[in-house]
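Working notes, structure below.
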Amino acid sequence: MSNASWHARIACGNEVGGGFLVSERHVVTCAHVVAAHAPADGAPITVTFPEALGTFTATVVADGGWAGAVTDPGDLAVLALDRPAPVKPAEFAPPAAAYGTPAPKLLVHGFPLHYDEGRIAECRATADQLIAGEWVQLEAWSSYGQALAPGFSGAAVVRADTHQVVGMAVASDRDPRVRGGRMLPATALARYWPPLGDQIPTPRYEPEDKERLRDLIARAEAAGAECRPEQLYREAVGRLGPPLPPNGFGSLWEAAWYVLSEVRDPEAAARFAARLADFTDGDTKARELLRRWPPSWAGTAPAPVRSGARGGGRPWESVLVEIDHSGADQGRFIVSVSLCRDGERHPVGERALPRAEVRSYALERIGAAYRLIAPGADELIAFALPKKWINQPVHAWERSKEDPTPLGWFAPVVVMDLARRRDAMLQHRLHQSWRTLDTRTGAELHRVECGSDQEQVPLTQALRRSTALLGFAAPPKAPRAQQQLKAGLNAPVPVILWPHTGCKGGHDSAGPCSGTSFLDTLGDYLESRTPAELPYDIWKLRQSSDQAGQEWARHLTLLWEDPRCFPDPAAAFGRSPVG
């Protein structure tokens, strides 16, 4: 066998196994081969190379977390030699090189009893399916010759034609008649020891790209990035991408390496890095580098994962801001920000905060969510609020410290009732209401005048029969008006509107009221408008609100909820900041 100089014999106590050189001073082997070295006063590790003079001593500098049982994952140890080895390190094959039809012949250079110079076993991979997400099954190439046996653990499994490494032998079958065993594929080795990922060929990504990504992931973790590996993986591969591995991911690097080595979409890893950037608040430089990763692409940007647009109206890409009371402290609120696209939620941030910090955090994460919106898409900012917040003029919030422009002038802004968002029965009725509204050009307005004596239950029933929009002459702050607002939410009315200026409510319907003229103007406006387009139409009105006759739109609250624009409320963040 040519190019065998990097194969190594490992001895530790009574255990002998194989290993292979991966850098001038690092050798990879099985953790169980060097287990006797674990205590500080344990057995020494000696490393010899069949084609090199001298014996090396070594220490364990990294491992895969192996717990000690034959079936425990992570049976990997990385050894550091006492001096550089005078041989060239092994080369790795691409991730799929061990498989094919017909299956390629694989060779394993092990060190069974009485063969200090080594023996070679011929085998093949049974299939490219991982056992327990960890191992590849090996079977003997023929019914004769050397089979896998004690002494082969830790040895490199290589292709016979290229002599490139495809994995590491970790076990042989106890029944010698089976003549098989298991290997950790090279992709699993890199999962446990990330520097190996730089050496394993991956489509479109250079070694320096992977090294840079490893460094940036470490920086993001050090900066306190609030995201789960499984979350980033799903967003990188999209709805039709490969499913999660059975045991998920133990770290961000494991998820990133799985995307690099197992996902065929060449842009998925770049999307993974771009999404991680959105969570890297504590390291501005790392965040920018993640957005520009990989450097070898020279400024090309990964395309977002897209699926079909929804029916009925604009295919909004919605920034959803959910604000709820914290169960741990009534003086704190949980603020969750996501981008919603094609029925999928892409979390951007979630934090429990005192009330004074809610606005600044929400605006900051809205800005981060905009990085996910496809160029040219119709954006929508939606606030799902508790009922006590429903009158908050979020559309009038200044966009940022540097830009005092009202948020509702900058982009379409709507509010929703958080409790209704979580009521499956009302969401079902909203779907039905929109199917009716989509067939209409204009919309009927049900008016609630100041001092109206409409009772909650009869009003709910009337609104359910009419599929009308609901308009208030004044903010629904008075006790009776609050009950009437609940009637509209329970109907459930898809669109409810009211002013923040003019009449403050609280008087009977017989008195003069500026809200009456507001409802007159609003009713005339809605007669020629499509309800699904109202966020866009009101946004354009706000931009021209300095013109005569348009002032009413500047301080208008638009409660607008089309559940087709947002994912199921149950698909929320995987971790609660107060859990």
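The values are calculated or read from the model by the stated rules, or taken from the named source; none is laboratory data. Predicted, not measured: the structure shown is a model, and the values here were computed from it. Glycine gets a Cβ as well: all are built from the backbone with ideal geometry, and neighbour counts include every protein chain shown.
Points worth noting:
- Residue count, segment 272-297 (criterion: at pLDDT below 90 and closer than 13 Å to VAL237 by Cβ): 1
- Some residue of segment 186-199 being farther than 25 Å from PRO295 by Cα and more than 25 Å from the chain's Cα centre (by Cα): no
- The number of residues in segment 389-406 that are in contact with a strand residue (DSSP E or B) (Cβ under 9 Å, 6 or more places away or on another chain) and exposed (fewer than 15 other Cβ atoms within 10 Å of the Cβ) comes to 3.
- Residues of segment 66-86 that turn out to be surrounded by 14 or more Cβ atoms within 10 Å (Cβ to Cβ), touching a residue at least 40 places away in the same chain (Cβ under 8 Å) and assigned to a loop (DSSP other than H, G, I, E, B), as a count: 5
- Test set (1) surrounded by 19 or more Cβ atoms within 10 Å (Cβ to Cβ); (2) in contact (Cβ under 8 Å) with a residue 60 or more places away in the chain; (3) within 17 Å of PHE472 (Cβ to Cβ) - PHE383 fails condition number: (3)
- Scan of segment 48-65 for residues that are exposed (fewer than 13 other Cβ atoms within 10 Å of the Cβ), of a type in the set (A, V, I, L, M, F, W, C) and touching a strand residue (DSSP E or B) at 6+ places or on another chain (Cβ under 6 Å), ordered by number: VAL61
- Filtered residue count, segment 318-340, keeping only those that are touching a helix residue (DSSP H, G or I) at 6+ places or on another chain (Cβ under 8 Å) and either surrounded by 20 or more Cβ atoms within 10 Å (Cβ to Cβ) or in a strand (DSSP E or B) (or both): 13
- Boolean, LEU534 is of a type in the set (A, V, I, L, M) and either touching a Cys at 6+ places or on another chain (Cβ under 6 Å) or not in a helix (DSSP H, G or I) (or both): no
- Of the helices (runs of 4 or more DSSP H) lying entirely inside segment 161-242, those containing at least 2 residues that are closer than 19 Å to ALA286 by Cα and either in contact (Cβ under 8 Å) with a residue 12 or more places away in the chain or not assigned by TED's automatic domain parsing to the domain that holds SER5 (or both) are 207-222, 229-237.
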